[in-house]
Amino acid sequence: MATEQCPTATSPAAAVPSESKRIGAELDALIGPAVQGDRDAVSEIVRLVHPLVRRYCAARMGATGHLTVTADDVTQEVLIATVGAIPRYRDQGKSFLAFVYGIAANKVSDAFRRRRHTAYPMADMPELASAAPGPEEWTLAAEHRAATMELMRVLSPTHREVLVMRIVLGWSAAQTAEAIGTSPGVVRVMQHRALNKLRERLRDT
């Protein structure tokens, strides 16, 4: 009978959760001094969360040609909001990293609410046909994204976050649990229920 092989310490599947766990522990050690006004601690927090926030925003937003902001723009908004929230931060039983992901989720949602098409004027018509996606491709892609977002609205915010982290980002149940402040078992249950709810909605449409 085949046995499931555990990822090695050098494999991507193992490295990402390990990185998140390490950074989460460092953040929890830094947040106390940061709340007390230690600027070096605040700077270190920003340095640590930046790659994780950038990865999260890129996965949530995908191709952002239809938006007035990019994943990098939203990442900067998240970092600024995080720094602004640090003096008021209070430990509520979840990791500080989970708190940051909560800010990131809100900022990504704001970006989609602000979405609108942007026109770029040209002085002359191009002589050669462009290989870039045209209006039809952009329209179809936008419709697909809109349909996906509409489908995801049947889920609670926490269930949406679990699906993004587990399916889009490819995180383990343990890493997702750490980010939202729960256990891997609860994450698996939430993922199962969320997928079942999406299947039911698709059958009803």
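The table below lists the values:
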| quantity | calculated |
| --- | --- |
| Stretchable slack from ILE167 to LYS197, in nm (0.36 nm times residue separation minus alpha-carbon distance) | 9.2 nm |
| Cross-link reach list, lysines versus LYS197, counting only Cα pairs under 28 Å and skipping chain neighbours closer than eight places | LYS94, LYS107 |
| Calculated from backbone phi, Karplus (6.51, -1.76, 1.60) coupling profile of segment 173-179 in Hz, x at Gly/Pro | 4, 5, 5, 4, 4, 5, 5 |
| Gained length - THR68 relative to ASP28, 0.36 nm times residue gap less alpha-carbon distance | 11.0 nm |
| Residue-by-residue Karplus 3J(HN,Hα) for segment 85-91, coefficients 6.51, -1.76, 1.60, Hz, glycine and proline x | 8, 4, x, 9, 5, 10, 5 |
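No value in this document is a laboratory result; all are computed from the given coordinates. All values reported here derive from a predicted model rather than from experimental measurement.
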